[in-house]
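Here's the structure, in structure tokens; my notes come after.
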Amino acid sequence: MAGERNPAVLAQLRHARVQASEEVVVKSLVGDYRREHLFTLGQSLEAYRYYQTLITTCDQEIEEQLQNFDSQLPSDAPQLPPERYPHRPRKNEFRFDMRSELYRIWGVDLTAVPSINALTAYTLLAEVGTDWSKFRNIHAFASWACFCPHNKKSGGKVLSAKTRRSANRVNRALRLAAQALERSTSCLGIFYRKMCARLGRPAGITATAHKLARIIFHMVTTGPAYDQSRFAAEEQRQRKHLESSLRRKAAKLGYQLTPLTQTA
């Protein structure tokens, strides 16, 4: 748009993730730069820059509004630890440090929970607010988020136990967070894959999102930091329970379980 037409010069501006070689890019940039096409390109470029300005202004307004929330951090609160799973900023992320702001407002770091990022935590803040006493207990919050079975009965018989359909943004955000655990090596990732194998993918996503909702409610209302060792202990307990169950079944069939010898 500035008047440069040399393909070799323009090829130097290609993105680092472009797989094509420089020769291929140079050949693709050789052509007739028609006036109407340049006009359309210029309009698109101006629109892109204008919307980027609006997004930046919107982020600045959000940052200023967040400053009005009272801090829940005590005076001796530890510094926010570095991000557990660092990543490159995505196009829909905020232009300021939203994670630190949420840590100040909540008093706990919700992003320490696997699959929960700053955008998900901000959705909770926008939809629920800082006062969670409106929910009498954790079960009421899970029901409000539409993660509990909605039993339809007729004549004392349960016809359906599916969860209610809802446009709740918290429901949608936590479901997306649950799907992000598909390849996670954390205890929550193990739980997600186990639920999907047992119940199917849709019900597994619901069960994992329900678990995330309960973890978040407990952290926000009681204040403890996320401790993954609790889930590891639960996994160890379930493993011992499964092992004892297999031993009982093997004994009924006249067999005896023998652990494999660990080799180097």
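A few remarks follow.
- Restricting the range 226-264 to residues that are small (Gly, Ala, Ser) and without any contact (Cβ under 8 Å) to a residue 12 or more places away in the chain leaves a set whose member that is most open to solvent (accessible area, probe 1.4 Å) is ALA264.
- Answer from LEU188, LEU212, LEU181, LEU176 - the residue that is touching a Ser or Thr at 6+ places or on another chain (Cβ under 8 Å), closer than 22 Å to GLN72 by Cβ and of a type outside the set (Phe, Trp, Tyr): LEU212
- Cβ-Cβ distances below 8 Å connect the following pairs, each with a first residue in the range 171-189 that is without any contact (Cβ under 8 Å) to a residue 24 or more places away in the chain, a second residue that is open to solvent by less than 10 Å² (accessible area, probe 1.4 Å) and not hydrophobic (A, V, I, L, M, F, W, C), and a separation of six or more residues or different chains: GLU182/GLY189; GLU182/TYR192; ARG183/GLY189.
- Within the range 27-48, residues that are within 21 Å of ALA11 (Cα to Cα) reach partners that are in a helix (DSSP H, G or I) with beta carbons closer than 8 Å, at six or more positions or on different chains, in the pairs LYS27/PRO7; LEU29/PRO7; LEU29/LEU10; LEU29/ALA11; VAL30/PRO7.
- Condition check for GLN65: free of Cβ contacts under 8 Å to residues at least 24 places away in the same chain, more than 30 Å from SER184 (Cα to Cα) and open to solvent by 90 Å² or more (accessible area, probe 1.4 Å): yes
- Test: residue in the range 221-229 that is in a helix (DSSP H, G or I) and closer than 17 Å to ALA140 by Cβ: yes
- Candidate set: the range 119-167, residues that are within 22 Å of the chain's Cα centre (by Cα) and of a type in the set (Phe, Trp, Tyr); chosen: the one farthest from ALA209 (Cα to Cα): TRP132
- In the set (1) at pLDDT 90 or above; (2) polar (S, T, N, Q); (3) more than 20 Å from GLY129 (Cα to Cα), ASN92 fails one condition alone, (1).
- Filter result for ALA16 (farther than 30 Å from ASP131 by Cβ, assigned to a loop (DSSP other than H, G, I, E, B) and open to solvent by 90 Å² or more (accessible area, probe 1.4 Å)): yes
- Residue within the range 230-242 that is within 18 Å of the chain's Cα centre (by Cα) and assigned to a helix (DSSP H, G or I) present: no
The values are calculated or read from the model by the stated rules, or taken from the named source; none is laboratory data. Small disclaimer: the values here were computed from a predicted structure and weren't measured. Methodologically, a virtual Cβ is constructed for each residue, glycine included, from the backbone with ideal geometry; neighbour enumeration extends over all protein chains shown. Surface accessibility is based on the protein's heavy atoms, side chains included, excluding ligands, DNA and RNA. Shrake-Rupley method; radii C 1.70, N 1.55, O 1.52, S 1.80 Å.
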